[in-house]
Every structure is written in C-alpha cells, then in structure tokens.
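Trainee: I have a structure I would like to understand better, so I am pasting it below and will then ask my questions one at a time.
Each value in this text was obtained by applying a stated rule to the coordinates, not by laboratory testing. The structure displayed is predicted, hence computed values, not measured ones. FYI the Cβ positions are ideal-geometry reconstructions off the backbone, even for glycines, and counts take in every protein chain you see.
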Amino acid sequence: MDLEDQGSIKAIAEKEGTANMVVLLGSPEPEAAEMYATTVTSGDPTYAGPLAGVPLGLPVYHIFEPEFKQLIPPEVYRAQAEMSEMALPAEELCARVRSIREQSGVKPIT
C-alpha cells in the first residue's frame, strides 16, 4: 500500500467515517497482505505514511476469505479471482489477514 493509497483511505475515513467501511485486499504475497491489514487496522507499522499512528480499526479481508468470497456472484469470482486463488498461497494469505483482524479486535462483517 503506497503513501497515496494510505492518504486516500485516510481522507475517505475522515470524510465519511469508518462505520460502513471495509477494506478488501488482493495482495498475492502473505507478508504484504499482513502489512496492509495492519496499516488499515492499527496504523502504518513503518511510520512512513499518512496512516502512521492512525488506528482506523477497519475490518479487512482478503478476497479469498470465505466470508467475503460468498458475497461475490460465483460467475464473477470464477472469472476474476478463482485462478489466482489456485495459484497463490490462499490459505496463508487468509490466515495472515484474519490474524491481524482478530488481534486488532475489529468486528467482522455480517
């Protein structure tokens, strides 16, 4: 998540509030997914971007997580994400993002 993305997320959260926001990640690398999840829940862990020290507490999911996957029409998921899910370490990606969400105490989507 680059500094521009952090700035955009922060601006939207300040303008609209965080009550109805969810962050959906599609990162192919577990370490990056974990860092992005930390950034939108607890603040930028590198202290380099606009979200440094800004704990937004946003619910964050990886697109491969069943809770979010079930919200996507099956034909759309098949066309847009299914091949990636098969080729990438999907279980590890989901586990890393879920762990950050649970550690931060962010309520899951319902």
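Trainee: Within the range 29-83, restricting attention to residues that are surrounded by fewer than 17 Cβ atoms within 10 Å (Cβ to Cβ) and of a type in the set (S, T, N, Q), which residue is farthest from residue 5 (Cα to Cα)?
Mentor: Per the criteria, the residue is 70.
Trainee: While we're here: Counting only residues that are of a type in the set (A, V, I, L, M, F, W, C) and closer than 17 Å to residue 36 by Cα, which one in the range 84-110 is surrounded by the most Cβ atoms within 10 Å (Cβ to Cβ)?
Mentor: Here the residue is 97.
Trainee: Can you confirm whether the range 84-92 contains a residue that is more than 15 Å from the chain's Cα centre (by Cα) and at positive phi?
Mentor: Within the range 84-92, none of the residues are more than 15 Å from the chain's Cα centre (by Cα) and at positive phi.
Trainee: Select from the range 9-28 the residues that are among the polar types (S, T, N, Q) and surrounded by 13 or more Cβ atoms within 10 Å (Cβ to Cβ) and write down the one among them that is nearest to the chain's Cα centre (by Cα).
Mentor: By that ranking, first place goes to 27.
Residue by residue, here is whether (1) among the aromatic types (Phe, Trp, Tyr); (2) in contact (Cβ under 8 Å) with a residue 40 or more places away in the chain; (3) not in a loop (DSSP other than H, G, I, E, B) holds:
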site	(1), (2), (3)
39	no, no, yes
58	no, yes, no
76	no, no, yes
93	no, yes, yes
